[in-house]
Amino acid sequence: MKTVNVRVPDAVAERLDRLAEKTHRTKSYYVREILESHLHELEEAYLALERRSDSNARFRSSEEVEKLLDL
């Protein structure tokens, strides 16, 4: 497992401290949980932006897709 250092605003750090204290878990545990839960969403969003900027990309309307899929 690799180590990553992250700087967060004081308010976020305080919330994380309180959560860790209340639940008797480490702050690292919650940071890992958050990253594992939401990293995929960020990857998908950036992939979509990358594809939008692709000059060779072909886009279809929902109506075209429905017709192609015979829906």
Only residues in the stretch 52-71 that are among the β-branched types (Val, Ile, Thr) count as the first member; pair them with residues that are assigned to a loop (DSSP other than H, G, I, E, B) and modelled with pLDDT of 80 or more, Cβ under 9 angstrom, at least 6 apart or cross-chain, and list the lot. VAL65/LEU71
Hey, among the residues in the stretch 49-71 that are among the charged types (D, E, K, R) and in a helix (DSSP H, G or I), which one's farthest from VAL4 (Cα to Cα)? LYS67
The stretch 2-17 - residue that is closer than 15 Å to ILE34 by Cβ and not in a loop (DSSP other than H, G, I, E, B) and, of those, farthest from the chain's Cα centre (by Cα): ASP17
Filtering the stretch 34-71 for residues that are among the basic types (Lys, Arg) and surrounded by 10 or more Cβ atoms within 10 Å (Cβ to Cβ) leaves a count of 3
Given the criteria of a type in the set (Val, Ile, Thr), touching a Leu at 6+ places or on another chain (Cβ under 9 Å), in a helix (DSSP H, G or I) and surrounded by 11 or more Cβ atoms within 10 Å (Cβ to Cβ), does VAL31 qualify? yes
Of a type in the set (Ser, Thr, Tyr), part of a helix (DSSP H, G or I) and touching a helix residue (DSSP H, G or I) at 6+ places or on another chain (Cβ under 9 Å): does that describe TYR46? no
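The values are calculated or read from the model by the stated rules, or taken from the named source; none is laboratory data. None of the values given here were measured: they were computed from a predicted structure. Virtual Cβ from ideal backbone geometry, glycine too; neighbours counted across all protein chains shown.
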